[in-house]
Structures are given as C-alpha cells and as structure tokens.
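Student: Submitted below is the structure of interest, expressed as structure tokens.
The values are calculated or read from the model by the stated rules, or taken from the named source; none is laboratory data. What you are looking at is a predicted structure, and each value in this text was computed from that prediction instead of being measured. Glycine also receives a Cβ, built like all others from the backbone with ideal geometry; neighbour counts cover every protein chain displayed.
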Amino acid sequence: MADLSIDFCGIKSPNPFWLASAPPTDKAYNVVRAFEAGWGGVVWKTLGEDPPAVNVSSRYSALHGKNREVIGFNNIELITDRSLALNLQEITAVKKAWPDRAMIVSLMLPCEEAPWKEILPLVEATGADGIELNFGCPHGMPERGMGAAVGQQPDLIEMVTRWCKTHTRLPVIVKLTPNITDVRAPARAALAGGADAVSLINTVNSITHLDLDSMVAYPIVGGRSTHGGYCGSAVKPIALNMVAEIARDPVTAHLPISGIGGIGNWTDAAEFIALGAGSVQVCTAAMLHGFRIVEEMKDGLSRWMDRKGYANIAAFSRKAVPNTTDWKYLDMNYQVIASIDQDKCIQCGKCYVACEDTSHQAIARLVEGNARRYEVKREECVGCNLCEITCPVEGCITMVPQPSEKPYMNWTQDPRNPRAEVVA
C-alpha cells in the first residue's frame, strides 16, 4: 500500500490532508474531531492580538448550481473571536494528545515587529510544529492594515517574514493572496524573507449574488453587505494555476508549497500535488460534508498511487510541472480533430448548436426521415474542444491527434509571428 506520510519543510504528517485555517479549526473540539476522523494536520484558525476580533451575523453566502449543489462559498468571517490565552491553551492540549499530527498555527498581526516578537514564543511554547502567516484575508482585516493589505505588497511580506524567522525556530509558511496580478512576486518576497514554505490560495474577493427585492448582496447584515472571500470548487482552477506558477518559477522552484483552493476529493489533491504542492489544505468541502470526507480522500489517493506505482507522495509530486509552460512554447504544428462515436451519441444536438452558433460551424446536422445524425466536418474542425465539453455523454466525443510530418515549432519560431526568432 502507498505511503501517504509527508515531511513538509520539516513538519511531519501521516497524510497530506490538512484542514485549512478557518471555522473548522477554531477550537479544540473541532480539531479533535478532525484528528479522530483521520486528518493528517490542521492549520489552527488565525490568532491575533487581544482583544479578539468581533464577527457579524450572518457571515456566509453561496453560489448554487443544479440541485442546490454549492459551487462557490463566500464568507465575511474574521480571524478568531476567542481570546489568545484560550486558543494557546487548547493548542497545547491538542498537540500533546495528538503528537503525530501536524499542528500549524495561523497568525495575523499589525506590521510592527513588537507584537510578532511577543506572540511567537507563546506559540512555540504550545508544541506547535509551525506557523502560517495569514497575508491573504480579503475582508475586514485589510481595512486594518493586515491580511491581503500585506499580501499585496511584497516589501511588507519580506519584512514580516524576516521578523518571524528572527523570533522563532518554527518553520514559517507564508499564506498568499490570489487578489494580485502576479503571484510570483509575493512568493519571491516570502522566499527572500526566509520563508520555509508558502501556502495558497487564500480566498478571492467576491460577491456571490443579490436579493433583488431588497437590493442587498448576500450575506445580509442589517440591510447591508460587503465583499467577502470566495472559496470552494469554483476557485480550484485559479489555485492550480497559481501553484503551478510558483512551482515553475526558477526563483521559487524549490520552495515547498501547501496547496489550497477547491480541494474536495482525492483527485483534486493529486492534481495539486502533481503541480507542486507538498501538502493540501481543505476547508469548504469539510464545512459542507463534514470531517469524514477525509476517509475517501485517503483511500482514493492510496488506491490510485498503487495503480500507478507511486510508492509515496514524493514519487509524483511536481510531476506535471515540466509539462506546464507558457503559451508561446506550445507546438503550433500539433492538431486534433473531433470524432463522434455514433454508438454513444443520443442525438441531443448540443454539440451542433454550440459549434454552429458560437464556434467554427464544423458539425453537420444530417436528417434522414425522422432520424438525426451529427458528423464532424474534418476540413472545418480546428480542434477547439467545445463540442466535447458540451456533450452530455462521457466519451462520446473525443479529440483525435492528427498525424503530421511537420516538426515541433512554437510561436517564437513561427514565420507567421512578425517577431519570430530566426532559427539557423
């Protein structure tokens, strides 16, 4: 059986599945239930200075799909609203009772060295395995000069990270905001400050939807609302891209990454690991389905690793990174053409409508009596994948690679590019 244990920048864990810093890790009761369910570690909900933050009601909203499936989740909850002393006491007790599980403590403080210098020894005394600097929270805290207000300024990231490395022996993980143009800049700043790792993504600025009768966005607080932090399966593509950007950046290529953002099953986790993550953090899926989901995550990942011959997490970690590149280096001579399996086709016509109305008019609609049939016009098909995506039957439409005698040629070499590089 595959070995799921990890050593993430010196933090050991029986499996890569951690709960992210959020409501599920707000107190000992929750964390103990999580460990009993099988989670490999937790990032304790963000601690700050006393007096603790004060939250509002209500705090959550969601974007629903068909059958009330939650596609995206929005929250305006702040950092812990419990006292620092109580949190530290519970962290100490839980870590003592569960010494084999990873215990990371999330922190958020003003950009002044004194409070960081004061709190770090207190956290270290709990027996925690590491700290995570919350430079990502997009609501409430940035207005106080913390959270994303720091994460959007690389110079502040580097400065605070360096303070923490000075005042603690624990591994320092810097949690990055996605609300930025280029995530590589803050990652490089974290590395320059001495960070042992980065974690990402934090939540995305969002408003999920409105009550069109009252003209107030959700969640509604006394007739008004505000933007919040968006998470859940909807943000996974954003998170995967940002993880990959850091993993393939020459400056940060060897910086450990804890992947966060829309992870709800073992396949999500495997994708994050293949693109650079050494551990994965889960929040929304646990809030929607409970802590027991980790059982399927561990079992599914283990079985897949066995089938693939991966003995441990390191065997496939970052394996997809070399295959991820800039657009300009893709092969301009590679081509695929859609193929419809007539035995699987249910003649719904979705592929035809999508291609005819919005793409390349590359699917023919043939009517023979009362029967319909859809065929690909090979000479018109550009291999865009739209028909495959819109088809409701899995495997009915596939994209078939076409034979070519043309050698690899990317855009920098393409004679159609007015700035093409001359190849000798």
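Student: In region 149-186, which residue that is hydrophobic (A, V, I, L, M, F, W, C) and outside any helix (DSSP H, G or I) is surrounded by the fewest Cβ atoms within 10 Å (Cβ to Cβ)?
Tutor: Filtering first and then ranking leaves 180.
Student: Filter region 333-375 for residues that are touching a residue at least 60 places away in the same chain (Cβ under 8 Å) and not hydroxyl-bearing (Ser, Thr, Tyr) and give the result.
Tutor: Kept after step one, since they are touching a residue at least 60 places away in the same chain (Cβ under 8 Å), are these residues of region 333-375: 333-339.
Residues satisfying the conditions are 333, 335, 336, 337, 338.
Student: Let me ask something additional. Among the listed residues 268, 249, 213, identify the single one that is surrounded by 15 or more Cβ atoms within 10 Å (Cβ to Cβ), free of Cβ contacts under 8 Å to residues at least 60 places away in the same chain and out of contact with any strand residue (DSSP E or B) (no Cβ under 7 Å at 6 or more places or on another chain). Break it down stepwise before answering.
Tutor: Details: 249 fails: free of Cβ contacts under 8 Å to residues at least 60 places away in the same chain; 213 fails: surrounded by 15 or more Cβ atoms within 10 Å (Cβ to Cβ).
268 is the lone residue from the list that is surrounded by 15 or more Cβ atoms within 10 Å (Cβ to Cβ), free of Cβ contacts under 8 Å to residues at least 60 places away in the same chain and out of contact with any strand residue (DSSP E or B) (no Cβ under 7 Å at 6 or more places or on another chain).
Student: Tell me, which helices (runs of 4 or more DSSP H) wholly within region 256-353 include 2 or more residues that are assigned by TED's automatic domain parsing to the domain that holds residue 237, more than 23 Å from residue 32 (Cα to Cα) and at pLDDT 95 or above?
Tutor: Working: elements: 266-274, 284-289, 293-308.
It comes to 266-274, 293-308.
Residues are listed down the side, and each one gets a yes or a no for (1) closer than 16 Å to residue 21 by Cα; (2) modelled with pLDDT under 95; (3) hydroxyl-bearing (Ser, Thr, Tyr):
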{"residue": "193", "(1), (2), (3)": "no, no, no"}
{"residue": "196", "(1), (2), (3)": "no, no, no"}
{"residue": "199", "(1), (2), (3)": "yes, no, yes"}
{"residue": "212", "(1), (2), (3)": "no, no, no"}
{"residue": "218", "(1), (2), (3)": "no, no, yes"}
{"residue": "221", "(1), (2), (3)": "no, no, no"}
{"residue": "224", "(1), (2), (3)": "no, no, no"}
{"residue": "234", "(1), (2), (3)": "no, no, no"}
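Student: Still on this structure: How about region 3-26: which of its residues are more than 17 Å from residue 268 (Cβ to Cβ) and assigned to a strand (DSSP E or B)?
Tutor: The answer is 3, 7, 8, 11, 12, 13.
Student: Oh, and also: Could you say whether any residue in region 42-49 is of a type in the set (Ser, Thr, Tyr), surrounded by 24 or more Cβ atoms within 10 Å (Cβ to Cβ) and under 24 Å from residue 203 (Cα atoms)?
Tutor: Step one: filter region 42-49 for residues of a type in the set (Ser, Thr, Tyr), giving 46.
Restricting the remaining residues to those that are surrounded by 24 or more Cβ atoms within 10 Å (Cβ to Cβ) gives 46.
Keeping just the survivors that are under 24 Å from residue 203 (Cα atoms) gives 46.
Looking for residues that are of a type in the set (Ser, Thr, Tyr), surrounded by 24 or more Cβ atoms within 10 Å (Cβ to Cβ) and under 24 Å from residue 203 (Cα atoms), one finds at least one in region 42-49, hence yes.
Student: Residue 232 passes all but one of (1) at negative phi; (2) in contact with a helix residue (DSSP H, G or I) (Cβ under 9 Å, 6 or more places away or on another chain); (3) buried (at least 20 other Cβ atoms within 10 Å of the Cβ); which number fails?
Tutor: Residue 232 satisfies all of (1) at negative phi; (2) in contact with a helix residue (DSSP H, G or I) (Cβ under 9 Å, 6 or more places away or on another chain); (3) buried (at least 20 other Cβ atoms within 10 Å of the Cβ) except (1).
Student: Quick check on residue 317: is it small (Gly, Ala, Ser), within 26 Å of residue 233 (Cα to Cα) and touching a Gly at 6+ places or on another chain (Cβ under 9 Å)? Before you say what the answer is, go through the steps one by one.
Tutor: Working: small (Gly, Ala, Ser): yes; within 26 Å of residue 233 (Cα to Cα): yes; touching a Gly at 6+ places or on another chain (Cβ under 9 Å): yes.
Here the answer is yes, as residue 317 does meet what is asked.
Student: Additional query: Tell me which residues, restricted to region 380-424, are part of a loop (DSSP other than H, G, I, E, B), closer than 17 Å to residue 352 by Cβ and of a type in the set (Val, Ile, Thr).
Tutor: Residues satisfying the conditions are 382, 393.
Student: Next question, about the same structure. Give the residue, chosen from 98, 44, 18, that is in the same structural domain as residue 132 (by TED's automatic domain parsing) and over 30 Å from residue 144 (Cα atoms). If you could, list the steps in order and put the result at the bottom.
Tutor: Details: 44 fails: over 30 Å from residue 144 (Cα atoms); 18 fails: over 30 Å from residue 144 (Cα atoms).
So the residue among 98, 44, 18 that is in the same structural domain as residue 132 (by TED's automatic domain parsing) and over 30 Å from residue 144 (Cα atoms) is 98.
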